[in-house]
Structures are given as structure tokens and as C-alpha cells.
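The values are calculated or read from the model by the stated rules, or taken from the named source; none is laboratory data. Keep in mind the model is a prediction, meaning the values are calculated, not measured. Every residue, glycine among them, receives a Cβ derived from its backbone with ideal geometry; neighbour counts consider all protein chains shown.
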Amino acid sequence: MKKLNMILSCFFACMMIAQICTAHHHIYGELLESKAEAVVSVNAVMSMELRMMGQGEDEESRVEFSGVLVNESGLVMVPYNSFSGENIKRIFSGMGAGIDVNVSLQDLTVVVDGEEYDGYLVATDSDFDLAFIQLENTEGKTFSYVDLSESQSPEIGSTIYYLSRLGEGFDYAPHVREARITGTLNRPRQAYITNIGMAGLGMPVFNVEGEVVGIATTLQDPTAEGGGSAGGGMGFGAMFQSMGSSATGQSVVLSVDFVLPLIRAAEERAGEE
């Protein structure tokens with residue numbers, strides 16, 4: 001009888017686990033169906049001028065990353081350090097005197113649902129590692145976007161989900177990834193620690209019910225003063241992609257309460273242009 005009870009207990013436990021896993025799998029399809037149109041692909045053309053001991057080198061490169069529409073008028077939120085070059089400057093600055101690096105943005109285009117738009121930078125916030133791009137020549141079109149006005153708080157240990165897009169060679173296909181909330185942070189500001197990948201930075205994250213629980217980004221270590229590897233013989237574009245936003249920072253999930261004022265300010269600036 002005891003053996004039978006053990007078998008039944010294992011059976012029901014397996015059934016419960018299977019139901020939970022099945023429920024979690026549903027979120028992938030739900031997010032792709034309801035949010036993918038708001039996830040866009042951004043192409044930035046960057047130039048870098050490097051001067052070292054009287055020698056100079058100039059290079060131009062194209063960088064691809066994902067962004068998300070945050071209003072119907074074409075305002076896109078992106079990870080700032082994906083194209084700002086701040087991490088490259090920070091790393092080179094830790095290599096000693098006599099090194100001068102200048103990184104500049106030359107061009108921005110945004111692919112929305114297969115259609116390409118020019119864009120211009122309207123606002124940046126290096127503290128939160130976020131930037132905002134306004135689409136141009138939209139001819140009054142309204143866009144699908146992720147509504148950040150309502151959100152929930154994540155739980156420690158919970159799984160979070162986010163969307164991003166593959167590159168041009170894969171037709172900018174949208175897909176869902178997952179990460180976890182692994183702890184909390186109080187300094188330099190309150191946030192949730194996460195193991196989210198670079199593709200999720202600058203993007204909203206969702207719980208298993210599909211509710212927004214925050215914005216994934218990085219917070220820089222205020223005590224860090226550069227250092228690290230400058231990438232060896234790595235090309236400029238590869239350096240951007242490999243360093244991303246986390247060279248001297250910690251991946252976190254911020255409450256949308258921190259981000260909503262940034263969106264409002266960006267909307268005001270876009271309206272002034």
C-alpha cells in the first residue's frame with residue numbers, strides 16, 4: 001500500500017509539473033502574437049576615431065539591435081550604449097594617457113513590420129542606459145506599441161520573458177527569450193538583478209501572465225574607472241556588439257516608474273522638432 005501511495009504521489013506531481021510547463025509555454029505564443037509588432041530593428045551607422053601616440057585610425061561600422069515602440073506616434077526606446085560608444089571610451093580610458101577616442105552616430109534607420117523608416121535621436125539617459133528615437137516620414141501612421149502605463153512587480157526567482165529580433169540576414173524574425181530575477185539592488189538605485197542577455201537590454205520584460213514587470217537595462221558601477229580589454233584586433237562593429245551595455249555595469253530590471261518620465265520628456269522633445 002505504501003508503495004502504491006508513492007507511485008500515485010509521483011504521478012500527480014508529474015502531472016502538476018507538466019501542467020505548469022504547458023502554461024508557461026503558452027506565454028511564448030501570446031507575446032509573439034500581441035507584442036511582436038511593437039518590437040523593431042534598429043540599424044545605426046557609427047564612426048570611431050582613435051588617436052594613440054600620434055597615430056590615428058578611422059573606422060565606420062553598422063550596428064544592429066532591437067528596440068520597442070512606446071507610443072503610437074513612432075517613439076522607439078533602445079539601449080543607449082548599443083550605439084553611444086560610452087563603454088568603448090571607458091575601456092580605452094583605463095589603458096592610460098595618450099589615447100583619444102571619439103565615437104559618433106552617423107545615421108539611424110528603423111525597420112518596423114518590414115518597412116524601413118529614417119529616425120533621429122530625441123533623448124538619451126546615460127544613468128538608465130536608455131535612449132529614444134523618433135521615426136520620421138510616418139505620414140500620420142499609428143503604430144502598435146507596448147503600453148507601459150500599467151505594470152506589476154516581479155518576484156525574486158521568477159521567470160521573466162522578453163522579445164527581440166534577429167538580424168537582417170534572418171529577416172528580422174521576432175522571438176521570445178527568458179531570464180530570471182535573481183536578487184534586488186539598492187545602490188546606485190533600487191532595481192531587480194537579472195541574468196538577462198544583451199538582446200533584452202532596453203526592452204520591457206513580462207511575467208508569465210504577459211504583464212509588464214519592468215524595463216531591462218544596465219546600471220553602471222559608480223566606482224569603476226575603466227580598464228578591461230579593448231578587444232585586441234577586433235573590428236569596431238564587433239567591439240560594439242561584444243561590449244554592449246554591460247562592460248562595467250550590472251543587468252537589472254527597473255520599475256517602469258523610473259522610465260515613464262523619460263518617455264514623457266522624449267515625447268515633448270519629439271513634438272518640438
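Figures for the structure shown
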quantity: Qualifying residue in the stretch 118-132 (condition: among the hydrophobic types (A, V, I, L, M, F, W, C), modelled with pLDDT under 85, outside any loop (DSSP other than H, G, I, E, B) and surrounded by 15 or more Cβ atoms within 10 Å (Cβ to Cβ)); calculated: no
quantity: So residue 76, is it of a type in the set (A, V, I, L, M), farther than 14 Å from residue 107 by Cα and touching an Asp or Glu at 6+ places or on another chain (Cβ under 9 Å); calculated: no
quantity: Check on residue 199, closer than 30 Å to residue 59 by Cβ and surrounded by 16 or more Cβ atoms within 10 Å (Cβ to Cβ); calculated: yes
quantity: Strands (runs of 3 or more DSSP E) wholly inside the stretch 157-265 containing at least 1 residues that are hydrophobic (A, V, I, L, M, F, W, C), under 30 Å from residue 100 (Cβ atoms) and modelled with pLDDT of 95 or more; calculated: none
quantity: Filter result (of a type outside the set (Gly, Ala, Ser), more than 21 Å from residue 194 (Cα to Cα) and out of contact with any Gly (no Cβ under 8 Å at 6 or more places or on another chain)) within the stretch 116-145; calculated: 116, 118, 120, 121, 122, 124, 132, 137, 139, 142, 145
quantity: Residue check for residue 137: at pLDDT 95 or above and within 22 Å of residue 272 (Cβ to Cβ); calculated: no
quantity: Residues of the stretch 186-196 satisfying the condition of being among the hydrophobic types (A, V, I, L, M, F, W, C) and either surrounded by fewer than 16 Cβ atoms within 10 Å (Cβ to Cβ) or over 21 Å from residue 223 (Cβ atoms) (or both); calculated: 196
quantity: Breaking point among (1) at pLDDT 95 or above; (2) of a type in the set (S, T, N, Q); (3) within 26 Å of residue 220 (Cβ to Cβ), for residue 144; calculated: (3)
quantity: Among (1) buried (at least 22 other Cβ atoms within 10 Å of the Cβ); (2) of a type outside the set (S, T, N, Q); (3) under 14 Å from the mean Cα position of the chain (by Cα) - the single one residue 176 does not satisfy; calculated: (1)
quantity: Residues satisfying the stated conditions in the stretch 146-173, i.e. over 13 Å from residue 252 (Cβ atoms), crowded, with 16+ Cβ neighbours inside 10 Å and among the hydrophobic types (A, V, I, L, M, F, W, C); calculated: 146, 148, 163
quantity: Candidate set from the stretch 137-180 (those that are among the aromatic types (Phe, Trp, Tyr) and touching a residue at least 40 places away in the same chain (Cβ under 8 Å)); member that is farthest from residue 212 (Cα to Cα); calculated: 172
quantity: Residue ID - nearest to residue 158 (Cα to Cα), chosen from residues in the stretch 210-222 that are surrounded by fewer than 20 Cβ atoms within 10 Å (Cβ to Cβ) and either free of Cβ contacts under 8 Å to residues at least 40 places away in the same chain or among the small types (Gly, Ala, Ser) (or both); calculated: 210
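A quick yes/no check of all residues on (1) farther than 22 Å from residue 128 by Cα; (2) in contact with a strand residue (DSSP E or B) (Cβ under 6 Å, 6 or more places away or on another chain):
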{"residue": "145", "(1), (2)": "no, yes"}
{"residue": "166", "(1), (2)": "yes, no"}
{"residue": "172", "(1), (2)": "yes, yes"}
{"residue": "205", "(1), (2)": "no, yes"}
{"residue": "211", "(1), (2)": "no, no"}
